[in-house]
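Encoded as structure tokens, the structure appears first; notes follow it.
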Amino acid sequence: MGRQFRRNEINKMKHVLVDTSVWIDFFNEKTISPKSEILQRLIENNDLIYICPVIYQEILQGIRDDNTFEDIKNIIQDFNMLRFNIMEVTNTAIEIFRNLRKSGITIRKSNDCLIAAYAILGDLYLLHKDRDFEKMTNHVNLKIV
């Protein structure tokens, strides 16, 4: 079963995979969310922040301006990239999706199952703003902030 963490427990976290939904708020100067504030604190605390290829792609493919694209690309490349065997990640994501489906839960974006698989395989906390991850926590071993 997944576990959700209270704000005071966040300080104990040292290894966090940050979902695209949080990065978008973080890079958007007009949007400040509680989750982007948590990301800011994690960065300030020098905690180990991870991304995975799916998150990297999702962040960068949505940027229209070339200068902004290059700036953000340079920033996120400084964070830790998870590098697992792609078939292991894919098979884990398939298991997550199928098990949830058997429980009557349909995940809207299959990329979320890939992201959850990276978090599970890396034994990382997942910082997100996506309700599909909340649905997963009762059915898979996903640790979320």
When residues of segment 75-121 are limited to those that are within 15 Å of R131 (Cα to Cα) and not hydrophobic (A, V, I, L, M, F, W, C), the one surrounded by the most Cβ atoms within 10 Å (Cβ to Cβ): D112
Residue match in segment 136-144 (condition: surrounded by 23 or more Cβ atoms within 10 Å (Cβ to Cβ) and in contact with a Gly (Cβ under 9 Å, 6 or more places away or on another chain)): yes
So Y56, is it out of contact with any Phe, Trp or Tyr (no Cβ under 7 Å at 6 or more places or on another chain) and closer than 22 Å to L124 by Cβ: yes
Residue check for I24: within 19 Å of L82 (Cα to Cα), buried (at least 16 other Cβ atoms within 10 Å of the Cβ) and either of a type in the set (A, V, I, L, M) or at pLDDT below 95 (or both): no
Residue within segment 54-72 that is closer than 22 Å to H139 by Cβ, outside any helix (DSSP H, G or I) and in contact (Cβ under 8 Å) with a residue 24 or more places away in the chain present: no
I51, sole failed condition from (1) within 17 Å of I120 (Cβ to Cβ); (2) without any contact (Cβ under 8 Å) to a residue 40 or more places away in the chain; (3) surrounded by 15 or more Cβ atoms within 10 Å (Cβ to Cβ); (4) more than 13 Å from the chain's Cα centre (by Cα): (4)
Segment 73-103, subset in a helix (DSSP H, G or I) and basic (K, R), residue farthest from A116 (Cα to Cα): K73
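The values are calculated or read from the model by the stated rules, or taken from the named source; none is laboratory data. Because the structure is predicted, anything quoted here is derived from the model rather than measured. A quick note on method: Cβ atoms are made from the backbone with ideal geometry, for glycine too, and the neighbour counts reach across all protein chains shown.
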